[in-house]
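Each remark here refers to the structure printed beneath this line.
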Amino acid sequence: MANKVGHPKAKVSITLSEDELKTLIAGMQSSAFEMGDGFYDFSAKGLEVFGKEVLMLARLRSIQESKYGEKNGD
């Protein structure tokens with residue numbers, strides 16, 4: 001269902017295995033690293049997207065560390 005104007009977006013819960021979480025984090029790290037190479041060329045929208053990706057990566061790392069311990073052998 002489409003999000004109506006003025007209504008907050010609902011959070012979604014998903015379940016990932018430890019390996020799936022590791023894969024997701026590795027992919028996001030790679031993406032953030034590649035985006036970081038062009039950091040100074042970003043438009044305002046590009047910086048917003050980059051910032052959101054970095055924040056999501058930090059959140060996923062925090063979840064991984066709290067669930068499986070410090071960096072889990074990375």
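The values are calculated or read from the model by the stated rules, or taken from the named source; none is laboratory data. Quick caveat, the model's predicted, so the values are computed rather than measured. Note: ideal-geometry Cβ built from the backbone for every residue, glycine included; neighbour counts use all protein chains shown.
From 53, 34, 65, which residue is touching a Ser or Thr at 6+ places or on another chain (Cβ under 9 Å), in a helix (DSSP H, G or I) and within 29 Å of residue 15 (Cβ to Cβ)? Write out each step before concluding.
Working: 34 fails: touching a Ser or Thr at 6+ places or on another chain (Cβ under 9 Å); 65 fails: touching a Ser or Thr at 6+ places or on another chain (Cβ under 9 Å).
The unique qualifying residue is 53.
The selection criterion, being in contact (Cβ under 8 Å) with a residue 24 or more places away in the chain and part of a helix (DSSP H, G or I), holds for residue 21. In this structure, residue 58 does not satisfy being more than 19 Å from residue 11 (Cβ to Cβ), out of contact with any helix residue (DSSP H, G or I) (no Cβ under 9 Å at 6 or more places or on another chain), in a helix (DSSP H, G or I) and at pLDDT 80 or above. Against the condition in contact (Cβ under 8 Å) with a residue 40 or more places away in the chain, assigned to a helix (DSSP H, G or I) and surrounded by 10 or more Cβ atoms within 10 Å (Cβ to Cβ), how does residue 29 come out, does it pass? No: the conditions fail for residue 29.
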